[in-house]
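One structure below.
The values are calculated or read from the model by the stated rules, or taken from the named source; none is laboratory data. Nothing here was measured: the structure is a model prediction, and the numbers come from that model. Neighbour counts are summed over all protein chains in view; Cβ atoms, including those assigned to glycine, are modelled from backbone coordinates with ideal geometry. We work out accessible area using only protein heavy atoms, side chains counted, and drop any ligands, DNA or RNA first. Shrake-Rupley method; radii C 1.70, N 1.55, O 1.52, S 1.80 Å.
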Amino acid sequence: MCRGLQIFLGAVLGICLLDASRAVAADTPAGDRPKRTPDSVYVPTPDDVVAKMLEVVGVTKDDLVYDPGCGDGRIVITAAKKYGCRGVGIELSPKLVREARANAVRNDVAQRVQILEEDIYAVDMSKATVVTLYLLPGMNVKLIPQLQKLKPGARIVAHDYGFQGRVEDAEKEFTITSKQDAVEHQIYLWTAPLPVKSP
């Protein structure tokens, strides 16, 4: 797929997901309502794509993995369980936060995984050595100021979407066809400092 078509389809998907998230928020019980309307609905990353992302980014036991928009926590939980590292998931939905915390307990990694009920744009991620992204392109762009605070050598791995041309091309790019959904997924890798293009 050409990059222009991919960006166009990402924008269309973003509009559809934003409309869907607003509709879902309106029907959500008060105790499960997030602090603000989410930018998208939660779509989980297939487990085999999670595994490939963590392999591509080279997670080790010494890493601190941050996952903004962590959903059910599967990325940081998998990282902690497989590699013995620490992880921080950031999620706006109270319901998903509860699910992610329960998943961490169920997988015996609650002592290494922290799930924050916060807005991803308000969390300081500067201590992260790895950041994983499965967000819409516009959301990735809004995170650029936070990602620019990562220490040199920190790694950023993104699933399917990059930064709408605001950042130089990824250092590495991989394609994986998931056995779970039979869909082709893209994985992109950058190393901090994030190579943001001049305006």
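Structure notes:
- VAL88 long-range amide H proximity, modeled H, under 5 Å: VAL65, TYR66, ASP67, GLN114
- Relative contact order (%) - segment 106-198, alpha-carbon pairs under 8 angstrom, separation at least six: 27
- For segment 49-118 and segment 149-198, distance of Cα centres in Å: 18
- Accessible surface of ARG33 - all protein chains present, 1.4 Å probe, nearest 10 Å²: 120
- ARG166 - accessible surface, heavy atoms, 1.4 Å probe, Å² rounded to 10: 120
- Loop-located chymotrypsin sites (Phe, Trp or Tyr not before Pro) in segment 109-188 (DSSP state other than H, G, I, E, B) with a sparse environment of at most 11 neighbouring Cβ atoms within 10 Å are absent.
- Solvent-accessible surface (1.4 angstrom probe) belonging to VAL131, in square angstrom, nearest 10: 0
- Exceedance of the 26 Å cut-off in Cα-Cα distance is limited, within the set LYS35/LYS172; LYS35/LYS82; LYS82/LYS179; LYS149/LYS197; LYS95/LYS172; LYS52/LYS127, to LYS35/LYS172; LYS35/LYS82; LYS95/LYS172.
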